[in-house]
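Trainee: Attaching a single structure in structure tokens format; questions to follow.
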Amino acid sequence: MKYGFSSGKELLSICEAEGITIAEVMLRKEIETSERSRDDLVNEMFENLMTMQEAIREGFYNKQHTMTGLADDNAEKLLDYADKANMGPDMTKICAAAIAVAEVNASMGKIVAAPTAGSSGVIPAVLVMCSEKHSFTDRDLVNGLFAAGAVGAIIAKNASISGAEGGCQAEIGTASAMAAAALAELCGASPAMALSAAAMALKNILGLVCDPVAGLVECPCIKRNAMGAANAVLCADMALAGITSIIPFDEVVSAMRSVGRMMNVDLKETSKGGLAATPTALEIAERIHME
């Protein structure tokens with residue numbers, strides 16, 4: 001297969017040989033493997049984008065309600081605070097958007113699991129909110145989603161995107177790496193720079209455990225989406241500034257896989273360790289199970 005790849009090294013080789021972006025390689029790979037037309041694939045990704053955009057709006061402007069009450073319109077609170085925020089309004093709005101989508105997910109609303117439902121706020125927050133600053137068109141954002149997909153596919157093949165298998169590093173970490181690469185490429189980074197952004201984003205979240213309180217994708221998952229979005233923007237900016245990852249992308253992915261395998265099962269979505277085992281978390285779990 002001409003556009004097949006299973007590693008960052010192979011992906012970069014195709015980009016260099018063809019003189020094309022990561023997004024274009026991913027799209028051509030999908031055309032080859034699915035035998036669907038370019039227009040069909042682009043239109044489907046556009047539908048994903050519209051769902052992401054709507055999830056942000058829903059989380060910002062319509063109160064979200066969960067059965068537990070653990071998610072309570074924190075996106076709206078952070079959005080209202082944006083102009084006063086120490087990290088500035090732009091980054092604060094990105095983080096608020098990540099929380100918004102995660103709260104919609106926790107309220108059983110419609111989201112795109114990219115790469116998972118628990119990490120669904122990171123990519124839309126980074127790409128959609130940054131489009132205001134950079135005047136990205138919807139077609140640009142679709143390209144960004146294809147670029148993100150390429151990074152996610154490599155991580156899924158060579159490590160994991162499952163919290164139950166690799167901890168939260170596999171979910172928020174992967175989402176952050178996908179978003180960092182996509183944003184960097186949309187801002188003009190070369191494929192090598194974009195993968196460096198992904199590597200740095202994944203390195204920053206290496207070892208993050210999956211410890212959902214009461215087994216629900218709410219605490220600490222929702223706030224971790226905000227952290228993942230901020231990390232992605234930072235790493236995209238570092239790459240665009242000319243900073244490179246000392247450890248290559250493929251080696252970072254391999255390290256993430258190794259860390260996940262070494263991680264105790266209590267720290268991989270079982271709710272037996274980490275924050276889920278704290279006294280307050282146990283009280284919440286007991287209250288929820290009694291209701």
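Trainee: Taking a threshold of 19 Å on the Cα-Cα distance, which of the pairs 63/110; 203/272; 93/133 fall above it?
Mentor: 203/272
Trainee: Can you tell me the alpha carbon radius of gyration of the chain divided by the globular rule-of-thumb value 2.2 N^0.38 Å?
Mentor: So the chain has a normalised radius of gyration of 0.97.
Trainee: Say a paramagnetic label sat at a point 7 Å from the Cα of residue 275, along Cα to Cβ; which residues of segment 42-77 have their backbone N under 12 Å from it?
Mentor: Correct set: 71.
Trainee: Counting pairs of alpha carbon atoms under 8 Å apart in space and at least six apart in sequence, what relative contact order in percent does segment 8-290 give?
Mentor: Taking the mean separation of contacting Cα pairs over the length of segment 8-290, I get 19 percent.
Trainee: Roughly how tilted is helix 22-34, in degrees to the nearest 10 and between 0 and 90, from the longest Cα axis of the chain?
Mentor: The answer is roughly 90 degrees.
Trainee: A further question on this structure: Would you mind checking the tilt of helix 122-134 against the longest principal axis of the Cα atoms of the chain, expressed as 0 to 90 degrees and rounded to 10?
Mentor: With both axes taken from Cα atoms, the answer is about 60 degrees.
Trainee: Another question, if that's okay. Could you tell me which of rounded, prolate or oblate describes segment 219-291, using a ≥ b ≥ c as the square roots of the eigenvalues of the alpha-carbon gyration tensor, with rounded for a/c under 1.5 and, failing that, prolate when a/b is larger than b/c and oblate otherwise?
Mentor: oblate
Trainee: With the cut-off at 1.5 for a/c, could you classify segment 45-199 from its C-alpha gyration tensor as rounded, prolate or oblate?
Mentor: Note, shape of segment 45-199 comes out oblate.
Trainee: Whole-Hz Karplus ³J(HN,Hα) for segment 230-247, in order, using 6.51 cos²θ - 1.76 cosθ + 1.60 and θ = phi - 60°, x for Gly and Pro?
Mentor: Each residue of segment 230-247 in turn: 4, 4, 4, 5, 4, 6, 5, 5, 4, 5, 5, 7, x, 7, 10, 7, 4, 8 Hz.
Trainee: Please work out whether segment 140-291 counts as rounded, prolate or oblate from its C-alpha gyration tensor, where a ≥ b ≥ c are the square roots of the eigenvalues and a/c under 1.5 means rounded, while otherwise a/b larger than b/c means prolate and anything else oblate?
Mentor: Because a/c hits 1.5 or more and a/b exceeds b/c, segment 140-291 counts as prolate.
Trainee: Which of the cysteines found in the chain have nothing to pair with, since no other Cys Cβ lies under 4.7 Å from theirs?
Mentor: When partners are defined as cysteine Cβ atoms under 4.7 Å apart, the chain leaves 15, 95, 130, 187, 219, 221, 235 without one.
Trainee: Specify the angular offset, from 0 to 90 degrees and rounded to the nearest 10, of the alpha carbon long axis of helix 8-18 from the longest principal axis of the alpha carbons in the chain.
Mentor: 40
Trainee: PRE reach from residue 10 (point 7 Å along Cα→Cβ): which of segment 239-282 fall under 20 Å by backbone N?
Mentor: 248-258
Trainee: Something else: For segment 100-106, take each phi angle, set θ = phi - 60°, evaluate the Karplus expression 6.51 cos²θ - 1.76 cosθ + 1.60, and give the result in whole Hz per residue in order, putting x for glycine and proline.
Mentor: Karplus values, whole Hz, x for Gly and Pro: 4, 5, 5, 6, 4, 4, 5.
Read-outs: derived from the displayed coordinates by stated rules, not from any lab. Bear in mind that the values here come from a model prediction, so they are computed numbers and not experimental data. Every residue, glycine as well, gets a Cβ built from its backbone with ideal geometry; the counts of neighbours run over all protein chains shown.
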